[in-house]
1. With the dipole of the chain worked out from charges on the C-beta (+1 for Lys and Arg, -1 for Asp and Glu) around the Cα centre, which of GLY27, PHE9, LEU45 lies farthest toward the positive end?
2. How do ARG43, ARG38 rank by accessible surface area computed with a 1.4 Å probe, from largest to smallest?
3. Suppose accessible area is computed on protein heavy atoms with a 1.4 Å probe; arrange ARG14, ARG57 from highest to lowest.
4. What net charge is computed for the residues neighbouring PHE9, neighbours being all others with C-beta under 9 Å from the C-beta of PHE9, Lys and Arg scored +1, Asp and Glu -1?
5. Using alpha carbon centroids, what distance separates region 1-31 and region 44-73, in Å?
6. Does anyone have the angle between helix 47-72 and the longest principal axis of the chain? Alpha-carbon axes, 0 to 90°, nearest 10?
7. Starting from the residue with the highest accessible area, list ILE58, ILE30, ILE70, ILE40 in decreasing order, probe 1.4 Å.
8. For region 4-72, evaluate the Debye formula with one uniform point scatterer on each Cα (no solvent term) and list log10 I(q)/I(0) at q = 0.12, 0.13 Å⁻¹, rounded to two decimals.
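The values are calculated or read from the model by the stated rules, or taken from the named source; none is laboratory data. Not measured: the values here are computed from a predicted model. Don't worry about glycine lacking a Cβ; one is built from the backbone with ideal geometry, like all the others, and counts go over all protein chains shown. Keep in mind that these areas ignore ligands, DNA and RNA; they rest on the heavy atoms of the full protein, side chains included. Shrake-Rupley method; radii C 1.70, N 1.55, O 1.52, S 1.80 Å.
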Amino acid sequence: MMNCEHFRFVEKHRPYRDLTFKFFADGKLIILDNNTDRVITPRDLKGDSMDFYVRQRIAFIKKDLVAKTIKYA
């Protein structure tokens, strides 16, 4: 089973999407619109949701690098 981190984000401005972000250990990403059960791409994100995605992606990459540094150092 793959390690996965789930985050939920509700946009503060229209269209007020309720999004679930799933970051997998292998780098795969799934963004699900909880209102429509539709998978969306990072290109579909704007404003606060894009900012949230970028910050979480950076945090995920940093955490992965620290784990690899500890493992192989």
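1. Result: GLY27.
2. Details: ARG43 215, ARG38 125 Å².
In descending accessible area the options line up as ARG43, ARG38.
3. Details: ARG14 200, ARG57 50 Å².
Final ranking, largest accessible area leading: ARG14, ARG57.
4. Working: positive: ARG8, ARG17; negative: GLU11, ASP18, ASP48.
Value of the local net charge: -1.
5. 12 Å
6. Rounded to the nearest ten degrees, it is 10.
7. On the way: ILE58 85, ILE30 45, ILE70 125, ILE40 10 Å².
From most accessible down to least: ILE70, ILE58, ILE30, ILE40.
8. Log-scaled intensity ratios, in q order: -0.33, -0.39.
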